[in-house]
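Report on one structure; see the data block that follows.
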Amino acid sequence: MHIPSPRPSHLLLAASLAACAGQTPPPHTEAAAIPAVAPATVYDARGQSTSCEPPPADCPTVSPDRDLADRCSLGGFRMIQCGCEMLCTGDPGGGAKQYFDAEGHGKACTPAKDDCTPDPASAAFQDACAEKGYKLEVCGCEWLCSGDPAR
């Protein structure tokens, strides 16, 4: 009966396994597993950036804004919880998103002014915006549609 001689690769593998057998891996600690990271910049539905802070223990369950989550995902980013809200890890609009007024003029949506209450949007503008699946939002001191209701 002939017993084949071991191949050099088999000898190398056996030697490597024998060398590692007596070694113990370093102890695992939480501090070593989670590196300290500076707060990330995240973005809200209006494209405003902020620093992401860890959520406090007493936060209620947070649901992301569906429109923001969709734009965030399409932009190649992800949603994360910062404080008590869900925000996007990148600017999903690549800057100011185009909104539209009742006359169909495109505008950037600036943050709503605290000292101003816009006149109610006309029923026709509300209907046209909603029928296309868009939302009306207060931008600056006027109602704008999140998409072009005329298209």
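The values are calculated or read from the model by the stated rules, or taken from the named source; none is laboratory data. This is a predicted model, so every value here is computed, not measured. When we count neighbours, we look across all protein chains shown, and the Cβ atoms used for this are built from the backbone with ideal geometry, even at glycine. The protein model used for the area step is the full one, side chains on, heavy atoms only, and it has no ligands, DNA or RNA in it. Shrake-Rupley method; radii C 1.70, N 1.55, O 1.52, S 1.80 Å.
Worth a mention:
- With every protein chain in place, the stretch 41-89: carbon and sulfur % of accessible area (1.4 Å): 48 percent
- Model label points for Ser73 and Asp114, set 7 angstrom from Cα along the Cα-to-Cβ axis, are 3.5 nm apart.
- Per residue, the accessible area of the stretch 75-151 comes to 58 Å² when a 1.4 Å probe rolls over the protein heavy atoms.
- Distance from the C-alpha centroid of the stretch 72-151 to that of the stretch 45-62: 20 Å, rounded to the whole angstrom.
- Expressed as a whole percent, the accessible surface of the stretch 98-147 that belongs to carbon and sulfur atoms is 50, based on a 1.4 Å probe.
- Protection-proxy order for peptides 122-128, 51-57, 143-149, 106-112, each taking the mean of Cβ atoms within 10 Å per residue, highest first: 143-149, 106-112, 122-128, 51-57
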